[in-house]
Amino acid sequence: MIRTRFAPSPTGFLHIGGLRTAAYAYALAKHSGGKFILRIEDTDQKREIKGAREKLQGVLHKFGLRWDEHYIQSERAQTNVYKQAAQQLVEKGLAYRDLGAIRLKTPKDEKIEYHDFALKKTISWATNDIPEAVLLKSDGFPTYHLAVVVDDHEMNISHVLRAAEWIPSTPIHLLLYKYFGFKTPEIGHLTDILDPEGGKLSKRKGNVSVEQFLELGFLPEAILNFVILLGWAPKDNRELYSLDEFVKAFDPAGFQKSNPVLNQKKLDWFNGHYIRIKSDTELLQLIKPYLSEITLEIIPLIKDRLTTLVQARDLAGFFFTRPQPQRVDANHLRFAIENYDKLIKGELTEDIKNQGWKVGDFFMSLRLAICGSKITPPLTESMLILGKDETLARIKL
RNA sequence: GGCUCGAUCGUCUAACGGCUAGGACGCGGGGCUUUCAUCCCCGCAAUCGGGGUUCGAUUCCCCGUCGAGUCACCA
């Protein structure tokens, strides 16, 4: 049975690349009915951030990524498993003490290699190039290298899937598997998501945290769909996937080898798509956090116009807040007031033309007076929702 | 710099060694339309360079170039 894990360190937010890693590991396991494990790698006490773990779990849940088992390394460290493992290597002469820590011993003039199931390639190193990495820190906590090898073995992880930044430390792990006599799991490395400006996606250059995208009003479905297609593609190039559909279609053969660039325009497109396929009542609930006064009758008017949920404020805010008076042709407004009933029935077009006005100009004056913007939902429907009194009041201003 | 990985439209990508290199986003044009969108139609746009191997290279090999990652008692 395939058993995968997502092993983030709780740094306070979930990186968009981390979400992708989790989704791939989840799909890899679930595609064949395996188990997906969440392991919190918090062995660095100095970087401990309170509440980060709960926050991370909450975000994962929003995406439907549910784990079957859950471990916390700092808790496991208290059982001394890592300390004993390191001790064992020292006794076997495969590691040594150095300034209060324990370091790995690396063999001379040998070659070590593994086959990467995501990169679909065998990668090898000369053991002389492998650093004598610290295994156990002087505070008694294990480093990532020791903890990951011990835990993946004890938790029976069959496939390790992680970011490409880990490739250089893989030979250290390979050596440890060998030294401990553990079976080496299948190992796969994912591409790095690149920033449009170049280089690895970083906080500096823009949004990288999933929470941030969520706050801006991107839907989990859209973020997930977008991110799984950065670095993975099916043979038929299908683009729309729910999590379950992705799990069903998942195939490691679809992993890309070269680093993708994050293209926010595509995310926008996915988000617009997922907003549009929501029911009006679902969308109403989703928009409320951004515009609490929003009502169901307004939803159909703005649904096709939203890229993100937060935009509902700009698009529908005028329903609840009178706009600043705009400079428009007073004749247009006067004519609208005099013919209000005909206007909202949509029967005023000919009369407008007979006044010698362009229909578009006339309605733009009204639009500006009522909504305070040139970009608005359909005007007549908006007037109906506002009601005669409020509409006329705004025109009279 | 050492080590490691990578290279198809601007971006995400498809193409058992064999059609006019396909799709999507974006972009341009058009249709619909009282704005903006949505929706529909059309279009622009790519195999990094040089050598091989082969009847034939996007695809396989080598070199170069470019890009990325990593070189902590952080993960």
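Okay, here's what the table says:
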| item | result |
| --- | --- |
| Strands (runs of 3 or more DSSP E) lying entirely in the range A:62-151 (those with 2 or more residues that are away from RNA strand B (no atom under 13 Å from the Cβ)) | A:69-72 |
| The range A:341-352 - residue that is surrounded by 12 or more Cβ atoms within 10 Å (Cβ to Cβ) and more than 11 Å from RNA strand B (Cβ to nearest atom) and, of those, nearest to residue A:329 (Cα to Cα) | A:351 |
| Any hit, the range A:309-317, residues being in contact (Cβ under 8 Å) with a residue 12 or more places away in the chain and over 30 Å from residue A:221 (Cβ atoms) | no |
| Near pairs, Cβ below 7 angstrom, 6+ apart or cross-chain, from the range A:46-57 (among the charged types (D, E, K, R)) to any residue that is not in a helix (DSSP H, G or I) | A:47/A:11; A:48/A:42; A:53/A:10; A:53/A:40 |
| Counted residues, the range A:220-239 - those being among the hydrophobic types (A, V, I, L, M, F, W, C) and either more than 9 Å from RNA strand B (Cβ to nearest atom) or part of a helix (DSSP H, G or I) (or both) | 6 |
| Pair list, Cβ < 6 Å and 6+ apart or interchain, from the range A:113-125 residues that are farther than 11 Å from residue A:189 by Cβ to residues that are near RNA strand B (Cβ under 7 Å from one of its atoms) and not basic (Lys, Arg) | A:113/A:124 |
| When residues of the range A:267-282 are limited to those that are assigned to a helix (DSSP H, G or I) and of a type in the set (D, E, K, R), the one farthest from RNA strand B (Cβ to nearest atom) | A:282 |
| Some residue of the range A:35-56 being surrounded by 20 or more Cβ atoms within 10 Å (Cβ to Cβ), away from RNA strand B (no atom under 16 Å from the Cβ) and not β-branched (Val, Ile, Thr) | yes |
| Hits in the range A:111-144 (condition: within 15 Å of residue A:83 (Cβ to Cβ) and either touching a His at 6+ places or on another chain (Cβ under 6 Å) or of a type in the set (Ser, Thr, Tyr) (or both)) | A:138, A:143 |
| Pair list, Cβ < 8 Å and 6+ apart or interchain, from the range A:154-181 residues that are modelled with pLDDT of 95 or more and outside any helix (DSSP H, G or I) to residues that are among the basic types (Lys, Arg) and away from RNA strand B (no atom under 15 Å from the Cβ) | A:155/A:3; A:156/A:3; A:157/A:3; A:158/A:3; A:159/A:3 |
| Residue list for the range A:370-397, restricted to those being part of a loop (DSSP other than H, G, I, E, B), crowded, with 18+ Cβ neighbours inside 10 Å and either of a type in the set (Gly, Ala, Ser) or free of Cβ contacts under 8 Å to residues at least 60 places away in the same chain (or both) | none |
| First in the range A:240-261 and touching a residue at least 24 places away in the same chain (Cβ under 8 Å) and assigned by TED's automatic domain parsing to the domain that holds residue A:229, second anywhere and in a strand (DSSP E or B) and more than 13 Å from RNA strand B (Cβ to nearest atom), Cβ under 9 Å, 6 or more apart | A:252/A:159; A:252/A:161 |
| Some residue of the range A:310-320 being more than 23 Å from residue A:364 (Cβ to Cβ) and either hydrophobic (A, V, I, L, M, F, W, C) or within 12 Å of RNA strand B (Cβ to nearest atom) (or both) | yes |
| Residues satisfying the stated conditions in the range A:276-294, i.e. β-branched (Val, Ile, Thr) and touching a residue at least 12 places away in the same chain (Cβ under 8 Å) | A:281, A:287, A:294 |
| Scan of the range A:161-200 for residues that are of a type in the set (A, V, I, L, M, F, W, C), closer than 30 Å to residue A:79 by Cα and within 13 Å of RNA strand B (Cβ to nearest atom), ordered by number | A:163, A:166, A:167, A:172, A:174, A:187 |
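Residue-wise test of (1) small (Gly, Ala, Ser); (2) under 20 Å from the mean Cα position of the chain (by Cα); (3) surrounded by fewer than 19 Cβ atoms within 10 Å (Cβ to Cβ).
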residue: A:227; (1), (2), (3): no, yes, no
residue: A:230; (1), (2), (3): no, yes, no
residue: A:246; (1), (2), (3): no, yes, no
residue: A:264; (1), (2), (3): no, yes, yes
residue: A:267; (1), (2), (3): no, yes, no
residue: A:279; (1), (2), (3): yes, no, yes
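The values are calculated or read from the model by the stated rules, or taken from the named source; none is laboratory data. Owing to the predicted nature of the structure, the values given are computational and were not obtained by experimental measurement. When we count neighbours, we look across all protein chains shown, and the Cβ atoms used for this are built from the backbone with ideal geometry, even at glycine.
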